[in-house]
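The block underneath contains the structure these notes are about, expressed in C-alpha cells.
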Amino acid sequence: MQPKSPSVQECPVGRAVETVGEWWSILILRDALQGATKFDEFSQSLGIAPNILSRRLAHLTESGMFVRRRYQERPPRYEYVLTDKARDFFPVIVALLAWGNKHLAPKGESILLANRSDVRPLDPVVVDAADMRPITLANAVVVAGPRASRGMRARLASLKAMNPAIAPAGD
C-alpha cells in the first residue's frame with residue numbers, strides 16, 4: 001500500500017519514491033541508462049520474472065520514464081526508450097553507485113564510474129550548481145517552496161536536523 005498522507009504526496013522525495021522507489025524499477029532504469037531497451041535484455045540482465053518485469057515497465061512507461069516504441073511487426077515487439085525525465089535520473093544512479101561502493105563493498109569496488117574520454121575513475125559528489133561546493137548535511141536545510149501548503153510549512157518548521165534555526169548535525 002502506497003502512503004497517502006499529504007506530507008508524503010506533497011514531498012518531492014515521496015513522489016519520486018512513488019515513481020521509481022521499487023527496487024526492480026531502479027535496476028531497470030540502471031540497465032536502460034547503460035543501453036538496454038528490449039524486454040529480453042532487461043530479463044536476461046536482471047533475472048526478473050516476466051510478469052514482474054512487464055508490470056515494472058508498464059509503470060515506468062505510465063510514469064513518463066519510458067516511451068514504448070514498436071521495433072518489430074510480427075510478432076509485435078516493443079522497445080523501451082528513455083525519456084528526458086528518465087535521463088534526469090542518472091545522477092541518482094550515480095549517487096547510489098558511489099554510496100554502495102563506499103559503504104557496501106568491503107573487499108573493493110566491482111564497478112567504477114569513469115570519464116568517457118580517458119576512462120579515469122570519477123569520484124561523484126553532489127554540488128550546488130551556483131558555487132560548485134558539495135552539498136552536505138552540515139550546509140543544507142530544507143525550506144518551504146512557493147507552493148508548500150500550510151501543513152508542509154508546519155512539518156518543515158518542526159524538523160530538527162533540517163531546520164535553519166537549529167545547529168547543523170555535522171558532515
For this session: Tally up the carbon and sulfur contribution to the accessible surface of the chain as a whole percent, 1.4 Å probe, everything protein left in place.
Result: 57 percent
Problem set entry | P(r) of segment 6-90 over all Cα-Cα pairs, binned every 5 Å from zero, in whole percent | 3, 14, 26, 25, 16, 8, 5, 2, 1, 0
Problem set entry | Residue-averaged 222 nm ellipticity for the chain, from DSSP H runs of 4+ at -39500 (n - 2.57), nearest 500 | -12000 deg cm²/dmol
For this session: Run down the aspartates and glutamates and flag those whose C-alpha is under 20 Å from the C-alpha of LYS102, throwing out any fewer than 8 positions away in its chain.
Result: ASP123, ASP171
Seminar exercise, completed: For the chain, the charge dipole (Cβ of Lys, Arg +1; Cβ of Asp, Glu -1; about the Cα centre) points to a positive end, and the Cα of VAL127, LEU159, LEU104 closest to that extreme belongs to LEU159
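Highest mean first, what order results for 125-133, 49-57, 22-30 on Cβ atoms within 10 Å? Don't skip to the answer; put the middle values down first.
Working: 125-133: 9.1, 49-57: 14.6, 22-30: 18.1.
Result, highest mean Cβ count within 10 Å first: 22-30, 49-57, 125-133.
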Exercise. Just the accessible area per residue of segment 48-140, please: how many Å² with a 1.4 Å probe?
Worked result: 75 Å²
Exercise. Under 15 Å from the 7 Å Cα→Cβ point of SER110, by amide nitrogen: which residues of segment 88-104?
Worked result: 97-98, 100-104
Problem set entry | the chain: relative contact order in percent, alpha carbon pairs under 8 Å with at least 6 residues between | 14 percent
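The values are calculated or read from the model by the stated rules, or taken from the named source; none is laboratory data. Keep in mind that what you see is a predicted model, and the values were worked out from it rather than measured. Using ideal geometry, Cβ is built from the backbone for each residue, glycine included, and neighbour counts are taken over all protein chains shown. When the accessible area is computed, the model is the full protein with side chains, heavy atoms only, and any ligands, DNA or RNA have been set aside. Shrake-Rupley method; radii C 1.70, N 1.55, O 1.52, S 1.80 Å.
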